[in-house]
Amino acid sequence: MSSVVSAKDLQVFPTYDVRVRVTREVTDMTMSGSVMNYRRSVFVTNEGEDVDMLLLEGTIPVRYKGNIYHLPINIWIPAGFPLEAPSAYCTPV
């Protein structure tokens, strides 16, 4: 997937400056050696509410005892970013 976030996916975020920051950080993440894709998706909160967010999904390299493991991860970026922290989940394969 392209490292440039589409305008449609960025509609999750309320202001231009946040969109610029998200674009920069998603681009950095996709070019960092991690295998990451992004898409706009619905996150279901603990209260059962559906929230539209940007989802980064893929693997991140983790070095452990001299070996590199590629852990599957989902990172949900909320509309309140950067004041609201992303949620990261290690996802089973």
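A few comments on the model shown:
- Residues located in the stretch 19-59, provided they are out of contact with any Ser or Thr (no Cβ under 9 Å at 6 or more places or on another chain), farther than 13 Å from Ile77 by Cβ and of a type in the set (Ser, Thr, Tyr): Ser32, Thr45
- Among residues that are of a type in the set (Phe, Trp, Tyr) and modelled with pLDDT under 90, Phe43 is not included.
- Test: residue in the stretch 65-77 that is assigned to a loop (DSSP other than H, G, I, E, B) and either in contact with a strand residue (DSSP E or B) (Cβ under 8 Å, 6 or more places away or on another chain) or basic (Lys, Arg) (or both): yes
- Lone qualifier among Thr27, Thr23 - being β-branched (Val, Ile, Thr), at pLDDT below 90, surrounded by fewer than 17 Cβ atoms within 10 Å (Cβ to Cβ) and not in a loop (DSSP other than H, G, I, E, B): Thr27
- Enumeration of residues in the stretch 35-93 that are on the phi > 0 side of the Ramachandran plot and surrounded by fewer than 10 Cβ atoms within 10 Å (Cβ to Cβ): Gly48, Lys65, Gly66
The values are calculated or read from the model by the stated rules, or taken from the named source; none is laboratory data. Predicted model, so just to flag it, every value in this text is computed and none were measured. In this analysis, Cβ positions are derived from the backbone assuming ideal geometry, glycine residues included, and neighbour counts consider all displayed protein chains.
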